[in-house]
Amino acid sequence: MGHAEPQVNWLLTSTRAQAKRSRETVNSWYEAFPDHDGRLARRLRSPKDATHGQAVDELFVHHLLVRPGRLVRYEEDGSGPDYRVYEQDKLIASVEVASLFEKAEWAIEDRRHAQLVDELNRRLDLSCGYFLDFDIDNLAGTGDPAPAQVERWVRQQLRQLPAPRRTKVRGDGQFGEFTRVYSSGPVQVTMRFWPMDPDKIPQPGSPGRVVGTGRMSGGWVTDAKRLHDRVTEKAGGKYDLRSAPYLLVVGVHAAFCDDDDFVNALYGASAVRFTVGGSGDVQPVRLNDGIFGWLGAGQAGWKNQRLSAVCHLGAPNLWEPAKTTTVLFHNPFPAHDLPRLFEPTREFAVVESTSGRRMDWLDGRGLI
């Protein structure tokens, strides 16, 4: 697959064993899904990665919830939450599925980079004797580098560089690479040329990719803040929960979002407390800026009690579903305790001890 191809193409067209098993998994789960109008099927086959990813998350969660003797209804009465779960005709929980993707600006940069990677790989082959990688700097923030112009420029640079077929070449860079810069208007491409071993350069037309590396992402990682906003949006205020426990499952498709971000978003950012002029002792604390916690000065009660728990759903491993991580984070003060809907990989919940009540990992392990 090309770097810029829609993710669904891997499921639809790939002949690899993992893709074959993944197709079998999706088809098997879909047979048990109540998709009466075919809307989920259309979303699963969507060329838009966000639409496809959200649909896969919803299908995976439905698979987690289905059990013998349990009825799982999808968008009952034509409105949210996504699922209502019944046992013996009694509503035991409502479940909503949300997805968190990469920052929009990073996604745009990734797509711009991937499109040029695919074009260069299509136009060049490994017989040139160099591997390439590059960074795109768009000074105006609009427009993409023209692939045909970049290709002509790359071929010109290759003619000027030493020929690796004749002797082992080392560039002037720190790691033996050559660096050249392409400019066209506001677009600048910093291209690195990595000489191949003379004995391993393939013949013209041989399969392989000249550009193999992905884009290096840079900038502030704000996943805890974005996660906080996403959970706030889905916290249950707009849904008829019918006085039942409520679980929000967040499917994470952002590379840097981890359990630490969930803890900070849900229970408050970590901080330290010390007394000026005191002993100098420092006490680790959490700020009251999380989804869960005390309402604040002058207010009685606790925040978001309708939300019983939040689940961190890792990127679904469709060829080995059992390896997909599901981490459950409980509200310490819920209006209704969450029943056992499925067995999570890990669980962060209230722990009672002789020293009091605290939130901790039930398996006794820390975040790392």
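Where a number appears in this text, it was derived from the coordinates with a stated rule and is not lab data. These numbers come from a predicted model, not from an experiment. Heads up, the Cβs are rebuilt from the backbone with ideal geometry, glycines too, and the neighbour counts pull from every protein chain shown.
Below, the figures for the structure above:
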item	result
Cβ-based exposure ranking for TYR30, TYR267, TYR83, in which fewest neighbours within 10 Å come first	TYR30, TYR267, TYR83
Only Lys, Arg (+1) and Asp, Glu (-1) charged, at Cβ; the chain dipole about Cα centre in debye	860
ASP135-ARG21 FRET efficiency (beta carbon distance; Förster radius 35 Å; 0.05 resolution)	0.45
Average Cα contact separation per residue, the chain, under 8 Å, 6 or more apart, as relative contact order %	15
Neighbourhood charge, 13 Å Cβ-Cβ cut-off, centred on ALA17 and excluding it, Lys, Arg +1 and Asp, Glu -1	+2
Of PHE134, PHE262, PHE178, the one that fluctuates the most in a GNM where the chain has Cα springs shorter than 10 Å	PHE178
Translational diffusion of the range 1-121, µm² s⁻¹ [Kirkwood Rh, Cα pairs; Stokes-Einstein; 4 °C; 1.567 mPa s]	79
Axial C-alpha extent at least 27 Å, average Kyte-Doolittle at least 0.5 - helices from the chain (DSSP)	none
Proximal charge balance of PRO81 [Cβ under 12 Å; K/R count +1, D/E count -1]	-1
Equivalent ellipsoid, the chain (semi-axes from 5 times Cα gyration tensor eigenvalues, Å)	47, 29, 18
Cβ-derived FRET efficiency at R0 25 Å, SER79 paired with ASP289, nearest 0.05	0.25
Neighbour-count order for TYR130, TYR182, fewest beta carbons within 10 angstrom listed first	TYR182, TYR130
Debye-sum result for the range 237-368 in log10 I(q)/I(0), which assumes one identical scatterer on each alpha carbon, at q = 0.11, 0.12, 0.20 Å⁻¹	-0.47, -0.56, -1.34
Estimated FRET transfer efficiency (LYS168, GLN203; beta-carbon r; R0 30 Å; 0.05)	0.95
Dipole of the chain, positive direction: furthest Cα of LEU295, PHE342, LEU91, with charges on the beta-carbon	PHE342
Between the range 17-76 and the range 316-368, the alpha-carbon center distance in angstrom	24
Residue of VAL26, VAL351, VAL210 that the Gaussian network model of the chain assigns the largest fluctuation, springs spanning Cα pairs under 10 Å	VAL351
Order of PHE274, PHE348 - criterion: other Cβ atoms within 10 Å of each residue's Cβ, fewest first	PHE274, PHE348
Flagged links, alpha-carbon separation over 32 Å, of LYS48/LYS234; LYS90/LYS234; LYS20/LYS168; LYS48/LYS225	LYS20/LYS168
Considering only the chain, percent of DSSP beta bridges that pair antiparallel, nearest 5	70
